[in-house]
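I have placed the structure first, in the form of structure tokens, so that the comments after it can refer back to it.
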Amino acid sequence: MNANLILLTLCQGLVFTNNVTFIAINGLVGLSMAPLGWMATLPVMGYVVGGALSTGLVAHSQSRWGRKVSFQLGLLVAAGSALLAAWAAASQNFWLLVAATVMAGYYSANGQLYRFAAAELAADGFKEKAVSLVLAGGLIGAIAGPNLASGTRKLFETPFLGAYLALAGVAVLGMAVMSFIRFPAVPARKPGASGGRPLIEIMRQPIFMVAAVAAALGYGVMNLLMAATPLAMQVCGYAFSDAALVLEWHVIGMFAPGFFTGSLIKRFGALPIMGVGVLLNLVCIAVALSGVELQQFLVALFLLGVGWNFLFTGSTTLAMKAWTPEEKDRGQAAINFFVFATMAVTSFASGALVTTQGWTWLNYGSLLPVGLTGAALVWLWTRHQSALVASR
């Protein structure tokens, strides 16, 4: 770790403070204002749709102005979108809230690149650990997000208005921290120099395809169950403080392994660690299906978080082998687009399924993407084994 990585880790924590708070409150605020119950998680869906729509814009800004300027733009948008969401909550305007969360997606799309920026701030041989450790900064969000949502819930007459205002302050703090980070300078492109392969050629590589599938479906399953949890727990009669506790332990599960996931990947390889992530997702679903006691929600969501960490850190490490430095902006934007597009579908599906089919069928539905992720990992592992045999 160096000073730049420590500061970037703090910024990662502030990103996930925003993310966790949005997840914790947007569904509940949406439910209180939505014209129909199944529309409750549209504000959550808006957040990830905005991220998907922003991946190209973010890639362009990163390529043109570099990491720092692009990240600061994202934080500026975060502050503005939080203030707009506060106005929407105060005026009870459901569609304005959805618009605010779509706008906030630009910040989320920037935040998804912090993990790739971490690798650029580390020496060769430590890139896996840098990615893992910066992702571990999400522990700040694990603690701050649920407590911020719970502590500011009744600050004003309108529930959660204070949370949105606090998020604007979190974004301003992020801008201050980001201003001290020194990123590598954007290399000047020489006239006639190649910009690398076309995106379609990068995406055709098996290693890219599996990294994209694992990142997107791993995030999708996590989002499907996490976004529905506050609604499911409310239906089961639990207080918001109970849902905040479950989300806090879920996000601890997401990021606490970051202190050692990089070392595990360096020792055993990305594919085996990602396989463990798939198994943890299956155990999570089994626990969730076993009942609706508070401890079952807590254990299931904690395991879901750890499984996500193994899959996401592994897929990030895997993806970085699929492009050259000249191609990184295009490759990273493509990966993040698939992640956000999948999250958009699962955000909508979580609200629709949990309010119409219930928590049990939501978990059964999660088995399909988990199974597809496992199949993709087995396919790539088989290809690698065949290549090793052929080279002997």
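When region 135-161 is examined, which residues are found to be of a type in the set (A, V, I, L, M), out of contact with any Asp or Glu (no Cβ under 7 Å at 6 or more places or on another chain) and surrounded by fewer than 23 Cβ atoms within 10 Å (Cβ to Cβ)? Correct list: Leu139, Ile140, Ala144, Leu155, Leu161. If you check Gly162, Gly151 for being modelled with pLDDT of 85 or more and either farther than 18 Å from Gly307 by Cα or more than 16 Å from the chain's Cα centre (by Cα) (or both), only one passes: Gly162.
Residues in region 60-87 that are aliphatic (A, V, I, L, M) and buried (at least 23 other Cβ atoms within 10 Å of the Cβ) were compared, and the one that is nearest to Lys154 (Cα to Cα) is Ala86. Taking first residues from region 262-279 that are crowded, with 16+ Cβ neighbours inside 10 Å and partners that are among the charged types (D, E, K, R), the Cβ contacts under 8 Å between residues at least 6 apart in sequence or on separate chains come to Gly262/Glu128; Gly262/Lys129; Ile265/Glu128; Lys266/Glu128; Lys266/Lys129.
Those helices (runs of 4 or more DSSP H) of region 36-134 in which at least 3 residues are touching an Asp or Glu at 6+ places or on another chain (Cβ under 6 Å), considering only elements entirely within it, cover 42-65.
Among the listed residues Ala387, Ala334, Ala341, identify the single one that is small (Gly, Ala, Ser), loosely packed, with under 14 Cβ neighbours inside 10 Å and part of a helix (DSSP H, G or I).
Criteria check complete, one pass: Ala387.
Cβ separations smaller than 6 Å between residues 6+ apart or across chains give the following pairs from region 210-235 residues that are farther than 12 Å from Thr316 by Cβ to residues that are surrounded by 24 or more Cβ atoms within 10 Å (Cβ to Cβ) and of a type in the set (Phe, Trp, Tyr): Met222/Trp308. If you check Gly351, Gly374 for being farther than 30 Å from His60 by Cα, in contact with a Ser or Thr (Cβ under 6 Å, 6 or more places away or on another chain) and assigned to a helix (DSSP H, G or I), only one passes: Gly351. Among the residues making up region 98-147, those that are small (Gly, Ala, Ser), within 14 Å of Thr55 (Cβ to Cβ) and out of contact with any Phe, Trp or Tyr (no Cβ under 6 Å at 6 or more places or on another chain) are Ser108, Ala109, Gly111. Residues in region 229-249 include none that are under 13 Å from Gly307 (Cα atoms) and buried (at least 23 other Cβ atoms within 10 Å of the Cβ). Using the structure shown, decide if Thr346 is touching a residue at least 60 places away in the same chain (Cβ under 8 Å), in contact with a Leu (Cβ under 6 Å, 6 or more places away or on another chain), assigned to a helix (DSSP H, G or I) and buried (at least 22 other Cβ atoms within 10 Å of the Cβ). The answer is yes for Thr346.
The values are calculated or read from the model by the stated rules, or taken from the named source; none is laboratory data. Since the model is a prediction, treat every value here as computed from it, not as a measurement. In this analysis, Cβ positions are derived from the backbone assuming ideal geometry, glycine residues included, and neighbour counts consider all displayed protein chains.
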